[in-house]
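This report concerns only the one structure given below.
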Amino acid sequence: MKYTAEQLEAIALKLRQMPPAEKKQRDFSRQEAVKVLSKEITALQRRGYSLEQISESLRGEGLDVATPTLKNYLQRARPAKKGAPKATAGATTSRSPTPVKKPSPSSRTSGFTPKPDSAEI
């Protein structure tokens, strides 16, 4: 199907007249919520509150998070310190590889004495 310039202008006019779309509120997981609130939680810790007290306060506000879980989520939310390599499974360090020593000819034959070939096959 082909469209005329008038049809396209009419479509464009209708598109321009559409009301703004409603913003859909984003839902956060418990871990994401702790990450968003991590600065406030850290500030409370500096003011002398324990993680247990903070956890109880969060539960009172509807964010049900146990103290050990809160501690874990806060550790994950903190940015990695500069210069400290992040440990991951299978990751290699930035150290240079250890050189592999080749065995000397005498050490290769230790415990083994070659025998001359026999006629039996």
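Miscellaneous remarks
- TYR3/ASP27 FRET efficiency (R0 41 Å; Cβ-Cβ; nearest 0.05): 0.55
- ³J(HN,Hα) computed for each position of segment 56-62 - Karplus, 6.51 cos²θ - 1.76 cosθ + 1.60, integer Hz, glycine/proline x: 4, 5, 5, 4, x, 9, x
- With Cα atoms as the point set, segment 27-78 shows a radius of gyration and Dmax of 9.8, 31 Å.
- In nm, spacing of pseudo-spin labels at VAL36 and GLU61 (7 Å Cα→C-beta vector): 1.1 nm
- Per-residue ³J(HN,Hα) for segment 12-26, Karplus 6.51 cos²θ - 1.76 cosθ + 1.60, θ = phi - 60°, Hz, x for Gly and Pro: 4, 4, 5, 5, 5, 7, 5, x, x, 6, 6, 6, 7, 6, 7
- Here LYS14 is the anchor, and the aspartates and glutamates within straight C-alpha reach of less than 15 Å, apart from those fewer than 8 places off in the same chain, are GLU6.
Every read-out reported here was derived from the displayed coordinates using simple, explicitly stated rules and does not represent laboratory data. Bear in mind that the values here come from a model prediction, so they are computed numbers and not experimental data. Backbone-built Cβ (ideal geometry, glycine too); neighbour counts: all protein chains shown.
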